[in-house]
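In what follows, a structure is listed as structure tokens, so that the remarks can point back to it.
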Amino acid sequence: MTDIAFEDKHLTLEEGETVLDTLLRAGYDIPNGCRAGICQSCIMKSDASEEIAHAQVGLSDAQKTLKYFLSCRCLPSSKINVQRISLSSQQTNAEVIDVSMLNETVIRLRLKASIDYHAGQYLTLWKDGRIARCYSLASHPTLNDYLELHVKYIKGGEFSAWLRSDVRVGDIMKIQGPFGKCIYAGEKEQPLLLLAIGTGLSPIFGILQDAIAKKHQGKIHIVVGARSKENFYLVEELQKIAAQNKSISLTYIYQEETNTDTITAQNNTDFASKGDIYQYCKERFDNLKGYRVFICGAESFCKKMRKQCFLEGADMNAISVDSFISFTEEKTEG
Amino acid sequence: MSLYEKLGGEPAIDAAVDIFYRKVLSNDRISQFFESTDMEAQHAKQKAFMTMAFGGPNNYTGKDMREAHKGMKLNDDHFNAVAEELVATLNELKVPQELIDEVVAIVSGAKGDVLNK
Ligand code: HEM
């Protein structure tokens with residue numbers, strides 16, 4: 001039996017349980033969010049270096065040196081002692097400077113905080129020190145003096161509904177991060193393929209800004225997908241960027257017509273076409289050898305697209321993915 | 001020189017693993033085993049597989065192989081399909097026939113463990 005020593009108690013891990021599972025089962029109040037090693041809200045500390053190594057994926061060197069690990073990922077094979085760490089040591093205070101709706105379902109949140117990040121990375125946002133959610137950055141570290149995140153509004157959603165109705169400009173929000181490695185790494189000559197669905201546009205927008213800022217030489221193909229036409233947002237901004245750059249192509253593909261299409265914010269009926277985004281990409285990009293591909297959005301989309309792009313010839317390590325995982329109570333989809 | 005060195009070592013495996021994984025994912029006889037959500041992790045395991053097949057350094061024992069493949073209900077046809085895709089990959093990379101034969105010998109040697117027989 002594997003033993004956990006925690007706050008003067010000895011707990012026994014059951015078959016297949018993570019350290020977090022065991023502590024929660026024993027009734028301890030341990031902060032946690034995604035339970036998938038993404039949000040880092042369940043971060044803890046242990047001296048058992050060998051037992052925690054597999055649960056340190058995504059942590060910084062500093063965090064590893066401090067022997068931090070993610071309790072939701074940790075499946076120890078022998079005795080382990082674990083300690084809480086002060087979550088506030090991992091968090092930064094951010095001031096809300098804007099919360100507004102970009103369309104019916106996308107909330108734009110702008111924050112002011114001093115963090116170093118790369119365009120395309122993500123943050124964990126905290127509500128009341130209890131609820132953690134991850135959102136990807138649309139902003140650029142040097143072009144913008146704010147952090148921008150696009151949050152899909154879900155009716156009754158524990159976080160997004162609160163953000164929409166209760167959060168005000170001037171409020172202080174706790175944030176953690178940045179995390180993630182879905183970033184532009186300066187492969188200037190390679191053609192880029194940027195694929196976004198729903199609020200996957202957030203990191204794609206950041207990556208695009210970064211590629212342009214770093215004077216990307218190769219072609220940049222952007223394909224944005226959504227369920228229906230009214231779900232598209234930031235259309236004018238993207239069109240403007242595309243119009244200024246001859247090497248950028250921009251395509252909008254939506255799945256189905258809805259009867260509210262006539263009242264789209266853009267009043268422009270031609271910018272998007274109806275179709276299947278997978279089929280479209282397959283036909284248009286039938287040989288991705290040499291491409292650098294970024295895929296951002298819902299998990300199902302990322303999974304299917306990654307496979308398709310790989311089979312169309314992109315190298316596995318030339319495909320970067322930012323896949324939105326679903327948290328326990330809120331599905332971040334599309 | 002070992003087989004692994006003759007085949008070109010780790011760089012050769014890096015070149016081969018994408019080709020091999022692409023073939024496996026496109027093969028209806030076996031693709032279902034390799035479509036895990038985490039393609040990156042799966043990719044790493046393909047690399048482990050190739051390293052073994054190339055006679056390279058690895059720490060897998062026969063017991064590990066049984067453990068890794070147990071519960072998949074693999075049969076001869078699955079095994080042959082993987083072996084065929086491996087050979088096709090090596091042919092595509094223009095590996096000489098005598099080296100391919102050696103790879104096939106290694107892979108065949110692991111058959112009992114992989115099929116849990
Ligand atoms: C001689 C033939 C084979 C060898 C040497 C071999 C070797 C390996 C190795 C080294 C791993 C990684 C284990 C780990 O680190 O977890 C692995 C995993 C795997 N193998 Fe094989 N393999 C063989 C045949 C097959 C066949 C015929 C199939 C199915 C058609 C198969 C399906 C898999 C799958 C799905 C995994 C991943 C399991 C997981 O995700 O945990 N293998 N194999």
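When A:GLY186, A:GLY177, A:GLY156 are screened for being in contact (Cβ under 8 Å) with a residue 24 or more places away in the chain, in a loop (DSSP other than H, G, I, E, B) and either open to solvent by less than 10 Å² (accessible area, probe 1.4 Å) or not basic (Lys, Arg) (or both), only A:GLY186 passes. A:ALA318 fulfils the conditions (1) within 13 Å of chain B (Cβ to nearest Cβ); (2) modelled with pLDDT of 95 or more except for a single criterion, (2). Look at A:ALA62 and say whether it is assigned to a helix (DSSP H, G or I) and more than 19 Å from A:ARG35 (Cα to Cα). Answer is yes for this residue. Cβ-Cβ contacts under 7 Å between residues 6 or more apart (or on different chains), taken from a first residue in segment B:48-73 that is within 14 Å of chain A (Cβ to nearest Cβ) to a second residue that is open to solvent by less than 40 Å² (accessible area, probe 1.4 Å) and more than 10 Å from the ligand (Cβ to nearest atom), are listed as B:MET50/B:ILE13; B:MET50/B:ALA16; B:MET50/B:VAL17; B:MET50/B:PHE20. Only residues that are on the phi < 0 side of the Ramachandran plot and part of a loop (DSSP other than H, G, I, E, B) were counted in segment A:14-39, giving 15.
I'd like the full set of residues that are touching a Phe, Trp or Tyr at 6+ places or on another chain (Cβ under 7 Å), over 22 Å from B:SER2 (Cβ atoms) and within 9 Å of the ligand (Cβ to nearest atom), limited to segment B:68-110.
Restricting attention to segment B:68-110, the residues satisfying the condition of being touching a Phe, Trp or Tyr at 6+ places or on another chain (Cβ under 7 Å) are B:72, B:85-86, B:89, B:103.
Narrowing further to those that are over 22 Å from B:SER2 (Cβ atoms): B:72, B:85.
Listed by number, the list holds a single entry, B:MET72.
Out of (1) in a helix (DSSP H, G or I); (2) within 14 Å of another protein chain (Cβ to nearest Cβ); (3) surrounded by 15 or more Cβ atoms within 10 Å (Cβ to Cβ), what's the single condition that is false for B:TYR4? Every listed condition holds for B:TYR4 apart from (2). Residues of segment A:302-321 that are open to solvent by less than 20 Å² (accessible area, probe 1.4 Å) and in contact with a Ser or Thr (Cβ under 8 Å, 6 or more places away or on another chain): A:CYS302 alone.
Scanning segment B:11-26 for any residue that is more than 14 Å from chain A (Cβ to nearest Cβ) and either open to solvent by 40 Å² or more (accessible area, probe 1.4 Å) or within 10 Å of the ligand (Cβ to nearest atom) (or both) turns up nothing.
For segment B:33-44, enumerate the residues that are surrounded by fewer than 15 Cβ atoms within 10 Å (Cβ to Cβ) and either under 15 Å from the mean Cα position of the chain (by Cα) or more than 18 Å from B:LEU86 (Cα to Cα) (or both). First the steps, then the outcome.
Let us first name the residues in segment B:33-44 that are surrounded by fewer than 15 Cβ atoms within 10 Å (Cβ to Cβ), namely B:35-38, B:40-41, B:44.
Listed by number, the residues that qualify are B:SER36, B:THR37, B:ASP38, B:GLU40, B:ALA41, B:ALA44.
A:ALA53: open to solvent by 10 Å² or more (accessible area, probe 1.4 Å) and not hydroxyl-bearing (Ser, Thr, Tyr), yes or no? Considered against the rule, which asks whether it is open to solvent by 10 Å² or more (accessible area, probe 1.4 Å) and not hydroxyl-bearing (Ser, Thr, Tyr), A:ALA53 comes out as yes. Within segment B:28-67, the set of residues being of a type in the set (Gly, Ala, Ser), near the ligand (Cβ under 8 Å from one of its atoms) and at pLDDT 90 or above comprises B:ALA48, B:ALA53.
The values are calculated or read from the model by the stated rules, or taken from the named source; none is laboratory data. Here the structure is a predicted model, which is why all the values come from computation and not from measurement. Virtual Cβ from ideal backbone geometry, glycine too; neighbours counted across all protein chains shown. Surface accessibility is based on the protein's heavy atoms, side chains included, excluding ligands, DNA and RNA. Shrake-Rupley method; radii C 1.70, N 1.55, O 1.52, S 1.80 Å.
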